[in-house]
Amino acid sequence: MKALNFFFYTCLFFLVGELIIRIDLEYDILNNSPYKIEVKIEESELRNKIEKGNFIPNPNQTRILVIGDSYINGGGIPIEKRFSKRLSNLLKEETLILDISRPSNSTLDNYNSFLFYQEKFKPQFVFWAYNFNDILYSIPPINSSKKTEIVPPKRVSRKKIGLKKYVSQLYSFSELTRYVSSKIQKQLKFQGIVVPIGEFYQLTQKTYLETNKNWIDTKKKLNVVSQICKTNQSKFILYKMPEFNLLNHSNLFHSLDEKFVNYINSNKNITYYNGINDFENENSDKFMLSKYDGHPNELAHFRIAKKIAEYIMGEKARTHNNIHKEQESDLLLPY
Amino acid sequence: MLFNSIDFAIFLPIVFILYWFVTNKNLKLQNLLIVISSYIFYGWWDWRFLSLILFSTILDYSIGISLSKQVNQNKRKMLLWISILMNLGFLGFFKYYNFFLANFMTAFSFFGTEINANSLNIILPVGISFYTFQTLSYTIDVYKRQLETTKDFIAFSAFVSFFPQLVAGPIERATNLLPQFYTKRYFDYSKTVDGMRQILWGLFKKIVIADNCAQYANIIFNNSSEYSGSTLVLGAIFFTFQIYGDFSGYSDIAIGTSRLFGFNLKQNFAFPYFSRDIAEFWRRWHISLSSWFRDYLYIPLGGSRGRTKNKIRNVFIIFLVSGFWHGANWTFIIWGALNALYFLPIFITNNNRNNLNIVAQGKYLPNLKEFLLMSLTFILTVFAWIFFRAENIGHAISYINNIFSPTLFESSEIFPLGLLLLILFFLSIEWMNRNKQYGLEKFNKQKFKFLDVLLLFTVFWSIVIWNSSKEVEFIYFQF
């Protein structure tokens with residue numbers, strides 16, 4: 001009788017959980033799923049103008065093209081405090097920033113956007129905020145505008161035997177198991193513990209191998225972008241965005257960082273910043289939006305904007321000095 | 001260490017196992033384990049401030065011993081004042097130094113004299129207001145000969161630093177808690193289960209109710225000029241439940257955790273939002289602090305005896321001091337004064353002890369009169385909380401002004417139905433168990449066993465699923 005009671009209450013325990021999670025999924029009771037970041041896409045007059053071919057570049061303006069996904073677009077951050085606006089305020093002078101970053105953009109989307117807009121906008125600076133999961137896209141990408149979404153482990157359809165089969169069926173049926181396992185993984189990740197079978201592990205440890213076709217393709221695309229920039233005499237800044245909820249666990253990205261540095265060493269036309277260095281010894285709490293998600297907050301955007309503004313101002317001053325020197329040396333010429 | 005953190009979830013079972021399975025044969029060892037655990041618990045936040053607790057412990061322990069040896073009343077009084085001045089001196093320095101400095105400077109500049117003094121960048125040691133009052137209660141009780149002096153330094157240290165209630169109360173009296181460290185504790189399964197239920201209920205209040213209410217309360221209070229009157233009302237209601245869920249949740253976790261180790265702490269919140277008048281509210285809200293002020297301040301001042309003028313003065317003093325205890329800001333003082341104003345009419349007319357029993361006792365629902373009285377008390381409380389939450393008095397006044405504008409009757413811009421339903425669920429549970437020590441206490445009747453288990457499971461999964469994405473600190477840590 002006791003065993004029966006125990007079994008009954010155990011089933012009831014999971015049933016209640018299953019019911020609550022299904023109610024929540026259906027009605028989004030608190031409207032604040034921890035990993036949900038509010039994304040508002042700002043309508044840009046400038047972008048419309050460029051798209052319609054009505055844009056005429058002003059030679060006195062510094063034009064900056066911003067590329068990336070929601071991390072740099074500023075999901076969850078008030079528009080006035082987002083990277084582009086901050087950068088624009090910091091540069092003070094006549095600066096025109098075209099922000100074509102969009103949530104969920106992959107490398108392929110960013111690449112296509114770059115090709116389209118650079119021709120019409122003619123930027124002097126191209127700022128590409130690279131996110132480590134931008135590498136997830138399908139090759140060959142025909143008319144694709146969205147990157148492949150990370151989905152929970154696929155439901156197993158092939159036949160299995162005995163207990164394994166039941167566990168697998170239970171997993172595929174139960175929203176609760178999926179929710180709890182994903183939450184545990186996220187919680188562990190926040191503590192710096194990565195489950196070797198999880199997506200995050202795959203992405204950071206396996207995807208950036210030299211043999212991986214997406215990584216090969218990413219490098220090709222970055223080469224093309226840097227080549228075009230060189231031809232156009234514009235500066236290509238590649239900024240690798242950190243995962244802001246994992247700032248205290250930068251070791252999780254060591255292998256990935258190494259791969260990136262190796263590539264950058266082979267391409268001198270890219271000005272590379274590993275964002276993690278800008279937030280060294282800092283606490284995640286200060287810069288993240290949520291502990292379950294790597295999105296930066298407004299403070300992080302401000303810091304990145306300051307860094308990039310410093311670089312741009314330095315470059316402009318250097319260019320100005322060079323022109324000045326050339327003019328001076330011209331004056332010294334006898335004829 | 002936060003109760004709602006992974007660190008604590010690991011820390012608690014370790015201490016529990018060591019307590020009941022390793023040190024259980026030796027009372028002194030058990031007490032020593034409590035002291036060490038408490039110091040680790042506190043040091044997790046900032047180990048430097050452990051010296052303050054240690055100093056307070058040594059000071060009051062030594063004064064206690066001196067008081068027991070001293071027969072000369074004047075010298076005893078002097079010892080008591082040394083303890084009071086030293087303890088309150090620390091509290092005053094860390095908590096109120098900058099406040100007094102800023103106000104003195106403002107006052108002098110009002111009379112045309114400019115004073116230049118730099119405010120200090122002082123970190124407020126977590127829980128200083130709580131353990132200071134706890135150690136003071138020991139010295140005062142020993143002075144009044146209501147308590148035997150302890151010669152057991154470890155037991156006394158454990159009493160001062162007892163980790164479940166160290167940083168945010170309840171403020172335990174030495175007469176209740178200290179003797180529990182002298183007697184052997186036995187593992188009691190039902191007490192442990194009850195303790196875990198209370199911890200679960202505390203976590204529900206904190207994580208599901210308080211932290212989710214906080215998200216809306218913060219948005220509304222931080223942008224109060226942009227919202228309609230109706231939204232501001234909702235913001236004040238969310239804060240009302242935030243502060244209750246946060247603080248009473250902490251108390252429940254503290255009391256539940258203590259029970260796991262065989263200790264009984266006193267109830268700190270007795271369903272205050274079901275009060276029918278403000279006097280009843282104050283008998284049910286933060287009971288350990290209210291009774292501390294009553295016994296060590298109000299009664300020595302003369303209490304309810306003497307002329308009406310003195311009685312009114314005493315009431316004002318106790319409420320103002322209570323407000324000031326919460327923080328070095330005029331908003332807390334106004335909050336205290338407002339509560340004194342609420343309390344005075346029923347106090348002067350001798351109606352302050354009308355509602356000593358539990359509302360609608362033995363009935364499922366209150367009658368109309370009880371309902372109206374509860375609603376009125378709740379509204380008054382919500383109004384007072386606006387001062388408590390506001391950044392400064394100007395903010396509170398503009399918040400109230402914006403409430404009483406034509407937009408009060410417009411529909412609210414923010415209306416989180418799900419959260420409101422959760423609050424309703426929470427209130428229903430509290431209402432059902434309003435005659436008990438906490439909301440999730442086991443139903444007595446066997447026929448409700450299934451309902452009881454169902455409720456327990458629902459509360460558990462609500463915490464797992466509807467928690468906030470950040471480990472939010474308890475509000476009372478700052479006090």
Original post:
Does region B:450-463 contain any residue that is hydrophobic (A, V, I, L, M, F, W, C), over 20 Å from A:L176 (Cβ atoms) and either away from chain A (no Cβ under 14 Å) or crowded, with 17+ Cβ neighbours inside 10 Å (or both)?
Top reply: no
**OP:** Pick out, from region B:120-232, the helices (runs of 4 or more DSSP H) lying fully within it that include 1 or more residues that are modelled with pLDDT under 90 and more than 19 Å from B:S251 (Cα to Cα).
**Re:** B:211-222
Original post:
For region A:54-83, how many residues meet the condition of being in a loop (DSSP other than H, G, I, E, B), in contact with an Asp or Glu (Cβ under 7 Å, 6 or more places away or on another chain) and either of a type in the set (G, A, S) or surrounded by 22 or more Cβ atoms within 10 Å (Cβ to Cβ) (or both)?
Top reply: 4
Original post:
Does region B:29-56 hold any residues that are hydroxyl-bearing (S, T, Y) and either under 21 Å from B:S5 (Cα atoms) or at pLDDT 95 or above (or both), and which are they?
Top reply: B:S37, B:S38, B:Y39, B:Y42
**OP:** Using the structure shown, decide if B:E410 is at pLDDT below 95, within 30 Å of A:Y292 (Cβ to Cβ), surrounded by fewer than 17 Cβ atoms within 10 Å (Cβ to Cβ) and more than 14 Å from chain A (Cβ to nearest Cβ).
**Re:** no
Original post:
Which of the residues spanning region A:8-50 are out of contact with any strand residue (DSSP E or B) (no Cβ under 7 Å at 6 or more places or on another chain), aromatic (F, W, Y) and modelled with pLDDT under 90?
Top reply: A:Y27
**OP:** Kindly provide the set of residues from region A:278-303 that are away from chain B (no Cβ under 14 Å), of a type outside the set (A, V, I, L, M, F, W, C), under 18 Å from the mean Cα position of the chain (by Cα) and farther than 21 Å from A:L203 by Cα, ordered by number.
**Re:** A:D278, A:H301, A:R303
**OP:** Could you list all residues from region A:167-201 that are at pLDDT 75 or above, away from chain B (no Cβ under 12 Å) and exposed (fewer than 15 other Cβ atoms within 10 Å of the Cβ)?
**Re:** A:F173, A:V195, A:P196
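The rows are residues; the columns are (1) in a loop (DSSP other than H, G, I, E, B); (2) closer than 30 Å to B:I199 by Cα; (3) in contact with a strand residue (DSSP E or B) (Cβ under 6 Å, 6 or more places away or on another chain).
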{"position": "B:L338", "(1), (2), (3)": "no, no, no"}
{"position": "B:N352", "(1), (2), (3)": "yes, no, no"}
{"position": "B:L373", "(1), (2), (3)": "no, no, no"}
{"position": "B:T377", "(1), (2), (3)": "no, yes, no"}
{"position": "B:T381", "(1), (2), (3)": "no, yes, no"}
{"position": "B:S412", "(1), (2), (3)": "yes, no, no"}
{"position": "B:L421", "(1), (2), (3)": "no, yes, no"}
Original post:
Which members of region B:380-407 meet the condition of being loosely packed, with under 12 Cβ neighbours inside 10 Å and free of Cβ contacts under 8 Å to residues at least 24 places away in the same chain?
Top reply: B:G394
Original post:
For B:N264, which of the numbered conditions (1) buried (at least 16 other Cβ atoms within 10 Å of the Cβ); (2) modelled with pLDDT of 90 or more; (3) of a type outside the set (A, V, I, L, M); (4) outside any helix (DSSP H, G or I) fails to hold?
Top reply: (1)
Original post:
All but one of (1) surrounded by fewer than 17 Cβ atoms within 10 Å (Cβ to Cβ); (2) touching a residue at least 40 places away in the same chain (Cβ under 8 Å); (3) of a type outside the set (D, E) hold for B:L372; which doesn't?
Top reply: (2)
Original post:
Which condition number does B:R434 fail, the rest of (1) over 21 Å from B:G256 (Cβ atoms); (2) away from chain A (no Cβ under 14 Å); (3) not in a helix (DSSP H, G or I) being met?
Top reply: (1)
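The values are calculated or read from the model by the stated rules, or taken from the named source; none is laboratory data. Because the structure is a prediction, the values reported are computed rather than measured. Cβ sites come from the backbone with ideal geometry, for glycine too, and all protein chains shown count toward neighbours.
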